[in-house]
Amino acid sequence: MFKVAVIRQTLRKELGLKIAEIDKEQATLDGGDVLWTGKEIFVGVSKRTNIMGAQAVAKAFPEYPTMTVMVPNEALHLKSYITVAGKDVLAVGKSRIAQQLLQSISESATYSYKTLTLEEDTAANTVFANNVVVHQSDNMIPKSFPIFENKLDTRVTCDFSEIAKADGCLSSLCLLITKIKHPKNFITTLQDDDLQKHVNLDYLDTSSPGGTINRSTMSKKK
């Protein structure tokens, strides 16, 4: 609970963000089950997220249509198989489970989406921010990496293979927030050496607060 309190205080007091609290003790919700496409929200009902958790998301964001997707018991969560990889683009794995989840999303979606089908399910866990797709490095997804190279222009690669051994995924390692006009300094244990080891810095401006992506100096990968 200490970690939750620290995060809550940082988001509310330091960043000035509105916090939506889950008011039902029986509700369970994992961020890995919440897929926001920019237009609507899909919540995976899984071992980690129940219907009341999905209802809490719908209550917190009434301006967006919210649909539930049943995630098989053998799956960890929804975003292990499907994430957003561009405007109106969904990255999806090639496995039976991934395709079933995509079918469920397609049947309930209010909007239509293009799909980027990848050889490895793990490759489908991407982060899309500031019109840039962050995806795993070539040593982690050797079969899917060429697909990203051929299909995406603006992207950043990240090697977190050690964290992945403990079932860590890319979308679970970050918290996306709106742009802050006057960002404050935040305490972190992340060092420049860590960035050099794990992130392709050709596409990151580490002189900016938080290592924000600097599109003015970014060249496009093809």
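The values are calculated or read from the model by the stated rules, or taken from the named source; none is laboratory data. Worth saying up front: this structure is predicted, and the values here are computed from it rather than measured. Quick reminder, even Gly has a Cβ in these numbers, built from the backbone with ideal geometry, and neighbours come from all protein chains shown. Surface areas here come from the heavy atoms of the whole protein model, side chains and all, with no ligands, DNA or RNA. Shrake-Rupley method; radii C 1.70, N 1.55, O 1.52, S 1.80 Å.
Run the numbers on the stretch 18-112 and let me know its relative contact order in percent, using alpha-carbon pairs under 8 Å that are six or more apart.
Working: 145 pairs, mean separation 24.7, N = 95.
Relative contact order for the stretch 18-112 comes out at 26 percent.
When all C-alpha to C-alpha distances in the stretch 64-128 are sorted into bins of 5 Å, what percent of pairs does each bin hold, rounded to whole numbers?
Spelled out per bin, shortest first, that is 4, 19, 30, 28, 15, 3, 0.
Return the loop-located trypsin sites (Lys or Arg not before Pro) in the stretch 48-119 (DSSP other than H, G, I, E, B) with at most 13 other Cβ atoms within 10 Å of their own Cβ; answer none if there are none. The partial results should precede the final answer.
Numbers: sites: 48, 59, 79, 87, 94, 96, 114; in loops: 48, 87, 94.
Passing both the DSSP loop test and the Cβ count: 87.
Around residue 110, what is the net charge, scoring Lys/Arg as +1 and Asp/Glu as -1 over all other residues with Cβ under 15 Å from its Cβ? Don't skip to the end; give the middle numbers.
Numbers: positive: 39; negative: 40, 63, 88, 107.
With Lys, Arg at +1 and Asp, Glu at -1, the net is -3.
Charges at C-beta only: +1 for Lys and Arg, -1 for Asp and Glu. How large is the resulting dipole of the stretch 102-169 about its Cα centre, in Debye rounded to 20?
Numbers: 5 positive and 10 negative charges, 42 e Å.
Dipole about the Cα centre, nearest 20: 200 debye.
Computing the accessible area with a 1.4 Å probe over protein heavy atoms, can you report the carbon and sulfur percentage for the stretch 1-149? Walk me through the numbers on the way to the answer.
Values: 4300 of 8030 Å².
With neighbouring chains kept in place, the figure for the stretch 1-149 is 54 percent.
Take the cross-link list 143/165; 3/47; 3/114; 24/87 and give me the ones stretching past 28 Å between alpha-carbons.
Numbers: 143/165 19 Å; 3/47 22 Å; 3/114 37 Å; 24/87 34 Å.
As for pairs spanning more than 28 Å Cα to Cα, those are 3/114; 24/87.
Excluding residue 73 itself, what net charge comes from residues whose Cβ is under 12 Å from its Cβ, given Lys and Arg +1 and Asp and Glu -1?
+1
If you take the Cα atoms of the stretch 54-174, find Rg, then find the Kirkwood Rh from the mean of 1/r over all pairs, what is Rg/Rh?
That ratio is 0.96, to two decimals.
On average, how much accessible surface per residue is there in the stretch 1-107, in Å², for a 1.4 Å probe, leaving out ligands, DNA and RNA?
Details: 6100 Å² over 107 residues.
On a per-residue basis, the stretch 1-107 sits at 57 Å².
Putting +1 on Lys and Arg Cβ atoms and -1 on Asp and Glu Cβ atoms, find which of 163, 106, 92 reaches farthest to the positive end of the dipole of the stretch 91-179.
Projecting each Cα onto the dipole axis, the largest value belongs to 106.
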